[in-house]
Every structure is written in structure tokens, then in C-alpha cells.
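Contents: one structure, followed by commentary.
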Amino acid sequence: MNLPLASLPFAPAIGIGLLGGGAVGLLHFVGLRYTVRLLAAGRTGLALASQALRVLASALLLAALFHFGVAALLAGFVGFLVARQALLRDGSASGTPPPTREPEA
């Protein structure tokens, strides 16, 4: 039995979208951190390759989610943004110093 992907029920489509978008979002934004470090180190070729891989993986995920339906695609966008927010909140783990206050005059 071959089930067409676009005829998935709403709840599984949302679940697939959230999980897929969250996983690729985590990979995308962790890769962004790596790409920035490569650029800062002057390794432009590797940084461009990393950028291309990140964009390609994200585009492939969104194209795949489109086959599950619009609900899965929108949930994938939400998962992607949730992963971004989670990594932004976890900025302390990246080794960046906390923001400092301006000295008062």
C-alpha cells in the first residue's frame, strides 16, 4: 500500500514538521557558529563551503516538508525558529563574554 504523502492527517504532519524543522534548525545555527569562526580565522574557502552546506540542507528539508503538506511546511518553519531561539538563549555556552555595561560618566 502506497500512501501519498500529502494526505497525511494534520497531527502527524505537524509533528513531522516540528521535528524536522527543529533538527535542521539546530544543525543550521550550530553550523552558522562554525562558519563565523572559520571566517574570523581567515579560512574563507571552508566558510563558503559550510555556508553552502547549511543553505542546501535547509532548502532540502523545506522541499521535503512541502510534500507532506502545507501544515508540515509551516510547522517546519516554526521548528526552525524554535531551534534558533534555543541557541540564542544558550549563548553562554558559546564562549562569548556577557555584554558589559557602559561606564558611567
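Each reported figure results from applying straightforward, stated rules to the coordinates on display, with no laboratory input. Treat the numbers as computed from the prediction; the structure is a model and nothing was measured.
Defining a contact as two alpha carbons under 8 Å apart and six or more residues distant in sequence, what relative contact order in percent does the stretch 23-87 show?
On the way: 49 pairs, mean separation 32.1, N = 65.
Computed over the stretch 23-87, the figure is 49 percent.
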Check your understanding: Can you list the HN-Hα couplings for the stretch 51-59, worked out from phi with the Karplus curve (6.51, -1.76, 1.60; θ = phi - 60°), rounded to whole Hz and with x for Gly and Pro?
Key -> 4, 4, 5, 5, 5, 4, 4, 5, 5
